[in-house]
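Novice: Can you keep this structure in mind? I'll have questions shortly.
The values are calculated or read from the model by the stated rules, or taken from the named source; none is laboratory data. From a predicted model like this one, the values you see are computed outputs, not experimental measurements. Please note: Cβ atoms are built from the backbone with ideal geometry, for glycine as well, and neighbour counts cover all protein chains shown. Heads up: the accessible areas ignore ligands, DNA and RNA and are worked out on the full protein's heavy atoms, side chains in. Shrake-Rupley method; radii C 1.70, N 1.55, O 1.52, S 1.80 Å.
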Amino acid sequence: MADAEVAVVGAGVVGSATALALARRGVAVALLEAEPEPGLAASGTNSGVVHTGFDSPPAELETELILRSAALREPILDVLGVPLLRCGAVLRPLETGQREAIAGLADNARRNGVEARLLDDGTLEVPGESITDPVAYTLALAGAAERHGAELRTGFRVTRIERLDGNLLLESEGEGEDRVRCRVAVNCAGLFADRVARLAGDDSFEVYPRKGEFLVFDPPEPLDRILLPVPTARTKGVLVFPTIDGKVAAGPTAIDQEDKEDWSVRPEAAGDILPRATAMWPPLTDAEPIAAYAGLRPAGRGVNYLIGPSRACHGLVNVAAIRSTGLTASLGIAERVCAIVQELGIELGPEQPLDPGTPPRRGGPWWRRTAEHLAA
């Protein structure tokens, strides 16, 4: 049995960022991941778009953490060697009535302090929108956490949580029973955050999978910006964007389902994506996708960005219902969790300079890696 001051459950982008933030403050951290390595679930099937928050509702926690992350991100990505394509984004009115909606988004951007330019033809330009490799991002954060002293334990699927002498005991079952004892457990388990919480007696929230399917293309011509649709209250809609490795991707869909293990791309996905994508970028009209993948976003029933101590289990901190903006907001979330952990009695020292290490190298493109793993 191993001991840690804080156990972080889940080594997706949010869990890895949290482990790094705590480890840099001198906390003894165990980062527990059910899969063979970090970033093999929702974080690895993200679009890779780094949002500015121009369209996020002002004063909401999600928006606050997106904006805070923007102030934290570039120095960290620069040191860790994570690629970031600063290409900007554009929204064009394609239907009657969309000019008014886009003008409202320009006003929203101003309220959030995000640079955006509304042109005479109704087009909105958002120069700060960017693209990254979400797998490289996650692996870089997890690797940096290890260099700062965190212990990464893969194949650790939490199946039991027990209070023991004022601590929490987390158990994993597999080839051999494994245990970690900690003072505080931070639940960053993504799609399974509700199950982890229930192991500690907390049934206060529920997470369900919202499937987002993407098509990947060899670009028929260069695309130098992210093309965004006018978002709805439920989804940001289908977008078209360049990838870090020179491809073009279109998606996602937004299919609510119950099965947290169904990462398949539906046969009708192309029919849902292509008409919307080609309306924004006609060069895709005759293009054939070279790949498709699906991500499952951990959506909360009636809750979004649930971050705070559990009322049912002292020492448990839930970080749940973090949807597609989790990649963007991860550093701000981690900073917020550090403050919560400190309030629970864990002493945090001064933040140490970030150890750059070596940028993670993985064979093949990120958009193929997770899809192939989940299909195996």
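Novice: Please verify whether segment 361-370 includes one or more residues that are surrounded by 17 or more Cβ atoms within 10 Å (Cβ to Cβ), farther than 30 Å from residue 214 by Cα and in contact (Cβ under 8 Å) with a residue 40 or more places away in the chain.
Specialist: No - not one qualifying residue is present in segment 361-370.
Novice: Residue 342 fails exactly one of the following numbered conditions: (1) free of Cβ contacts under 8 Å to residues at least 12 places away in the same chain; (2) in a strand (DSSP E or B). What is the number of that condition?
Specialist: (2) is the only condition that residue 342 fails.
Novice: Here's another thing I want to ask about it. Which members of segment 101-124 meet the condition of being closer than 15 Å to residue 231 by Cα and either at pLDDT 95 or above or assigned to a loop (DSSP other than H, G, I, E, B) (or both)?
Specialist: 102, 103, 104, 105, 106, 107, 108, 109, 123, 124
Novice: Follow-up question, since we're still on this one. Is at least one residue of segment 66-75 acidic (Asp, Glu), free of Cβ contacts under 8 Å to residues at least 60 places away in the same chain and not in a loop (DSSP other than H, G, I, E, B)?
Specialist: yes
Novice: Here's another thing I want to ask about it. For the subset of segment 115-141 comprising residues that are out of contact with any helix residue (DSSP H, G or I) (no Cβ under 9 Å at 6 or more places or on another chain) and free of Cβ contacts under 8 Å to residues at least 60 places away in the same chain, which member is surrounded by the fewest Cβ atoms within 10 Å (Cβ to Cβ)?
Specialist: 120
Novice: Let me ask something else about it. Of everything in segment 274-316 that's without any contact (Cβ under 8 Å) to a residue 12 or more places away in the chain and outside any loop (DSSP other than H, G, I, E, B), which residue is surrounded by the most Cβ atoms within 10 Å (Cβ to Cβ)?
Specialist: 278
Novice: Going by what's in this entry, would residue 32 be described as in contact (Cβ under 8 Å) with a residue 40 or more places away in the chain and either open to solvent by less than 50 Å² (accessible area, probe 1.4 Å) or at negative phi (or both)?
Specialist: yes
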